[in-house]
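J.: Sharing a structure with you now.
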Amino acid sequence: MSSITQRMMMGAAGGKSDPVYVEDIFSPYTFEGNTASHGNGTTQTLTTGLDMAGEGGLVIFKDRTNSSSWKWVDSVRGGNKEIASNGTWVEDTANNAITSWLSNGVITGDNINYNNQGSDMGTWHFRQAKHFFKIVTYTGDGSANRAIDHGLGSTPGFIAIKNLSSAVNWECWHKEGGGADYGAALNQNTGFQSMGTGYFGGSSGTSPTATSFYVGNNAIVNANGSNYVAYVWGTDEEKFGEDQDASVIKCGTWTGTGSLANIDVGFEPQCLIVMEPGGGWHIYDNVRGVYGLNSDDADIGNDARLEMNDNGGEYIGHNFLDFLANGFNTGGSGGGFANAGTKFCYIAIRRPDAKVGKSVEELGGASKVFDMRVAAQNATPQYNTGFKVDFAFQRQYNATSDWYWSARLFGRAAWNSNNADVADDHQFWNGYKTGYDLNTGLNSGTTWNNTTIAWSFKRAKAFTDVVYYRGVGGNLTLNHNLGVAPDMIIVKNLSSSNTDGRVYHSGMNGGVDPEDYQMKINNTGAEGDDPMWQDFAPTATQFKVGDYSDVNKNNHQHVAYLFASLDSVQKLGFYNGTGSTVTVTCGFQPRFIMIKCSSHSGDWMVWDTVRGISAGGDPYILLNTSTGETGGGDDWVDLESDGFSTSMNHPAVNSSGYKYIYWAIA
């Protein structure tokens, strides 16, 4: 029974309310502006999937290319009212800032501060939802201890207040900022400090509760007759996802130690706001880029940073931090976030994962999480997948070409499955763009020609996941967010070209103790019995790697791609060769098939419906070589209504007594 059907039945029986997923309430979104001058009639529809018409919310705008003020616009005050987090200015009128609040996003109009022609624009969309985010407006009364209802339904983790009527500082409260009366100005970089009874906490010194927050009589928060807006964010409330038992936001702190540190927030973030005393309010997200790969190349591994208290354009110049499966690390020691003794406050928002993300079914099926297509020329994106791509592999299919495997988590680099090299330069992308800084699809411009194919994936529950990690040597246990035990794991050391890409597959050794075996994706070798995975069968939350340079070299960066069998979407399994027709049941007709002989030497053979699978002619490409497609005159595989078959008597796919693993995607 599908999760959608189960919810309908529960609703009819008076069970739980419909779940709220993180895709429903938050989205970082980038676009290129198209307005050359105010009032010229141009617009942009920002399709985030958030119901801003029905539920309302906040959109924060920033021109990433140029120095410009931050613009905060919300549905309560109206789409033509703006305030700026980098100054003390009063609320201003902004014509055509947001012209429409939609059930799946917003429309921004012909205002160059919101839609500047040629500029890379960054936006962050927060939909109102209990336990996540609420907007409160009020009129000050000058009282010394005023309680203001916030409607969040739980105790806030972070609150930002702006006096709309007077040119005074913003005032922010953070649950770990120091106490009830501790505050910090969003438009400054001074950090949290005790502000006294006139600010947060009021004369009673009361911290926010599940119903109210308290303010004193200072003009910044409660001047008689002044109008205010308060943005209220939650923290740690486990109310989200299919089972309504997981959190999507965490407000916390860490203290620098002088070296890299892993900060465990309980999930992988997609957005992180950090208050660095003396440094400002930094914002990072996985669309603009947080890249977990250090390199001698000046651009590889550098994260895209903006400061919400500053009007400067986007800075890309350091590996400030890395997103991990259960949190983030503080990056290199030169980034500032490792400064010994400094207390950093953060707000982390979770990415869609197995706990709080939508299922493949709810996203719309296999075509919403997997795509294959040739590159379009002079287009953005070149690969218009229709979804936000999390990882891909690409190559020119009809000529000699390397394979380029990449991922959003280490955006500016790629590695080659045909020789295990790490292509640690960005010639494969369009200038400073990584190919992943798009809301749908992959890459822009003319980098890839129209004989190049990208096989693109979206991370989704029980389908695929990606884990970035640093090796420690010895044995290492790693968390993942697939939600089920993976059937295949592909691991590559990203710091060294002198290492092999290693593969775990649940069909190795005929499905018996496959965790004892591994193969190399960059060569033809048969499965080998060694403790690459510590002889540990991966679970729904963890997998293990042993003391091998390929998968766990001390202080080297590694990536692991995880795949699981999912009804009607993806199937990973094995079969025994017979030398005559073998039919493999997948439960769907595949668009993509990979077969590798596991018991003997053999290539990693790939077929797909873009290049063609037809009776009598099935051109294949080999993952482990740079050779262009071949074999188009041979009937290697045939598509069946619920799987595929092979009648080719050949060691690569179907020799009697040989064992084979396969990977098929609908």
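The values are calculated or read from the model by the stated rules, or taken from the named source; none is laboratory data. In this text the structure is predicted, and so the values were computed from the model without any measurement. Every residue, glycine as well, gets a Cβ built from its backbone with ideal geometry; the counts of neighbours run over all protein chains shown. Side chains included, ligands, DNA and RNA excluded: accessible areas come from the protein's heavy atoms. Shrake-Rupley method; radii C 1.70, N 1.55, O 1.52, S 1.80 Å.
J.: So T646 ticks every box in (1) within 36 Å of the chain's Cα centre (by Cα); (2) over 16 Å from G510 (Cα atoms); (3) surrounded by 15 or more Cβ atoms within 10 Å (Cβ to Cβ); (4) modelled with pLDDT of 95 or more but one. Which box is left unticked?
T.: (1)
J.: Criterion first (among the β-branched types (V, I, T) and in contact with a Leu (Cβ under 7 Å, 6 or more places away or on another chain)) does V229 satisfy it?
T.: It is true that V229 is among the β-branched types (V, I, T) and in contact with a Leu (Cβ under 7 Å, 6 or more places away or on another chain).
J.: So, one more: Enumerate the pairs (first residue in the stretch 384-405 and among the basic types (K, R); second residue anywhere and open to solvent by less than 20 Å² (accessible area, probe 1.4 Å) and in a strand (DSSP E or B)) with beta-carbon separation below 8 Å, excluding pairs fewer than 6 apart on the same chain, so at least 6 apart or on different chains.
T.: Close Cβ pairs (under 8 Å, with a partner that is open to solvent by less than 20 Å² (accessible area, probe 1.4 Å) and in a strand (DSSP E or B)) amount to R395/T452; R395/I453; R395/I621.
J.: Of the numbered conditions (1) at pLDDT below 95; (2) open to solvent by 30 Å² or more (accessible area, probe 1.4 Å); (3) over 23 Å from R351 (Cα atoms), G33 satisfies every one except a single condition; which is it?
T.: It is condition (2) that G33 fails.
J.: Could you tell me which residue of the stretch 456-465 is nearest to E23 (Cα to Cα), considering only residues that are among the hydrophobic types (A, V, I, L, M, F, W, C) and not in a loop (DSSP other than H, G, I, E, B)?
T.: We begin by selecting, within the stretch 456-465, every residue among the hydrophobic types (A, V, I, L, M, F, W, C); these are 457, 460, 462-463.
The next check asks that each one be not in a loop (DSSP other than H, G, I, E, B); those that pass are 457, 460.
Details: F457: 17, A460: 12 Å.
Across the stretch 456-465, the extreme among qualifying residues is A460.
J.: Turning to a different aspect of this structure: Just need a number here: residues in the stretch 199-232 that are in contact (Cβ under 8 Å) with a residue 40 or more places away in the chain, farther than 19 Å from W89 by Cα and not hydroxyl-bearing (S, T, Y).
T.: Here the count works out to 9.
J.: Among the residues of the stretch 254-289, count how many are part of a strand (DSSP E or B) and open to solvent by 40 Å² or more (accessible area, probe 1.4 Å).
T.: Number satisfying all stated conditions: 3.
J.: Anything in the stretch 310-347 that is within 22 Å of T190 (Cβ to Cβ) and in a strand (DSSP E or B)? List them, or say none.
T.: Y315, K343, F344, C345, Y346, I347
J.: For the stretch 303-349, which residues satisfy the criterion of being open to solvent by 20 Å² or more (accessible area, probe 1.4 Å) and under 27 Å from Y182 (Cα atoms)?
T.: R305, E307, N309, D310, N311, N339, A340, G341, T342, K343
Table: residues versus (1) over 26 Å from I273 (Cα atoms); (2) assigned to a strand (DSSP E or B).
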site	(1), (2)
D51	no, no
F61	no, yes
T65	no, no
S68	no, no
G78	no, no
E82	no, yes
N86	no, no
N96	yes, no
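J.: Out of the residues in the stretch 45-73 that are among the acidic types (D, E) and in contact with a Lys or Arg (Cβ under 8 Å, 6 or more places away or on another chain), state the one that is surrounded by the fewest Cβ atoms within 10 Å (Cβ to Cβ). Give the steps one after another, and end with the answer.
T.: Here is the first cut: in the stretch 45-73, the residues among the acidic types (D, E) are 51, 55, 63.
Cutting the leftovers down to in contact with a Lys or Arg (Cβ under 8 Å, 6 or more places away or on another chain) gives us 51, 55.
Details: D51: 19, E55: 16.
So, considering only residues that are among the acidic types (D, E) and in contact with a Lys or Arg (Cβ under 8 Å, 6 or more places away or on another chain), the one surrounded by the fewest Cβ atoms within 10 Å (Cβ to Cβ) is E55.
J.: Conditions first: (1) more than 24 Å from G279 (Cα to Cα); (2) open to solvent by 10 Å² or more (accessible area, probe 1.4 Å). I220 passes all but one, so which condition is the exception?
T.: Of (1) more than 24 Å from G279 (Cα to Cα); (2) open to solvent by 10 Å² or more (accessible area, probe 1.4 Å), only one is false for I220: (1).
J.: Name the single residue, out of those in the stretch 630-639 being surrounded by fewer than 16 Cβ atoms within 10 Å (Cβ to Cβ) and within 25 Å of T585 (Cβ to Cβ), that is modelled with the lowest pLDDT.
T.: D634
J.: For the stretch 388-411, give me each residue that is open to solvent by less than 10 Å² (accessible area, probe 1.4 Å) and either in a loop (DSSP other than H, G, I, E, B) or of a type in the set (A, V, I, L, M, F, W, C) (or both).
T.: Selection gives V389, F391, A392, F393, W403, W405, A407, F410, G411.
J.: Out of curiosity, is T627 open to solvent by 60 Å² or more (accessible area, probe 1.4 Å) and either in contact (Cβ under 8 Å) with a residue 40 or more places away in the chain or touching a His at 6+ places or on another chain (Cβ under 8 Å) (or both)?
T.: Yes: the conditions hold for T627.
J.: Suppose the filter is open to solvent by less than 30 Å² (accessible area, probe 1.4 Å) and more than 26 Å from A526 (Cβ to Cβ); does Y504 pass it?
T.: Values: open to solvent by less than 30 Å² (accessible area, probe 1.4 Å): yes; more than 26 Å from A526 (Cβ to Cβ): no.
Taking the combined requirement at face value, the residue does not satisfy it.
J.: Still on this model: Please pick out the residue among P538, P486, P531 that is open to solvent by 50 Å² or more (accessible area, probe 1.4 Å) and either more than 16 Å from L572 (Cα to Cα) or in contact with an Asp or Glu (Cβ under 8 Å, 6 or more places away or on another chain) (or both).
T.: The conditions single out P531.
J.: Something else: Restricting the search to the stretch 649-666, which residues are open to solvent by 50 Å² or more (accessible area, probe 1.4 Å) and assigned to a strand (DSSP E or B)?
T.: Correct list: K659 only.
J.: Here's something else I'd like to know. Please count how many residues of the stretch 604-624 are within 19 Å of A399 (Cβ to Cβ) and open to solvent by 50 Å² or more (accessible area, probe 1.4 Å).
T.: So the count comes out to 1.
J.: Okay, moving on. Scan A160, A167 and give me the residue that is modelled with pLDDT of 95 or more, open to solvent by 30 Å² or more (accessible area, probe 1.4 Å) and either within 24 Å of N222 (Cβ to Cβ) or among the polar types (S, T, N, Q) (or both).
T.: Values: A160 fails: open to solvent by 30 Å² or more (accessible area, probe 1.4 Å).
Of the residues listed, the single one that is modelled with pLDDT of 95 or more, open to solvent by 30 Å² or more (accessible area, probe 1.4 Å) and either within 24 Å of N222 (Cβ to Cβ) or among the polar types (S, T, N, Q) (or both) is A167.
J.: Right, something else. Considering only residues that are of a type in the set (A, V, I, L, M, F, W, C) and over 19 Å from K250 (Cα atoms), look in the stretch 170-205 and name the one that is surrounded by the most Cβ atoms within 10 Å (Cβ to Cβ).
T.: Within the stretch 170-205, the first condition is being of a type in the set (A, V, I, L, M, F, W, C), and the residues that meet it are 170, 172-173, 180, 184-186, 192, 195, 200.
Then drop every residue that is not over 19 Å from K250 (Cα atoms), which leaves 170, 185, 195, 200.
Working: W170: 27, A185: 21, M195: 22, F200: 30.
Looking at residues that are of a type in the set (A, V, I, L, M, F, W, C) and over 19 Å from K250 (Cα atoms), I get F200.
J.: Which numbered condition in (1) open to solvent by 50 Å² or more (accessible area, probe 1.4 Å); (2) in contact (Cβ under 8 Å) with a residue 60 or more places away in the chain; (3) at negative phi is the only one that A246 fails?
T.: (1)
J.: Only residues that are under 24 Å from A84 (Cβ atoms), hydroxyl-bearing (S, T, Y) and part of a loop (DSSP other than H, G, I, E, B): list them for the stretch 194-235, please.
T.: Scanning the stretch 194-235 gives Y199, S226.
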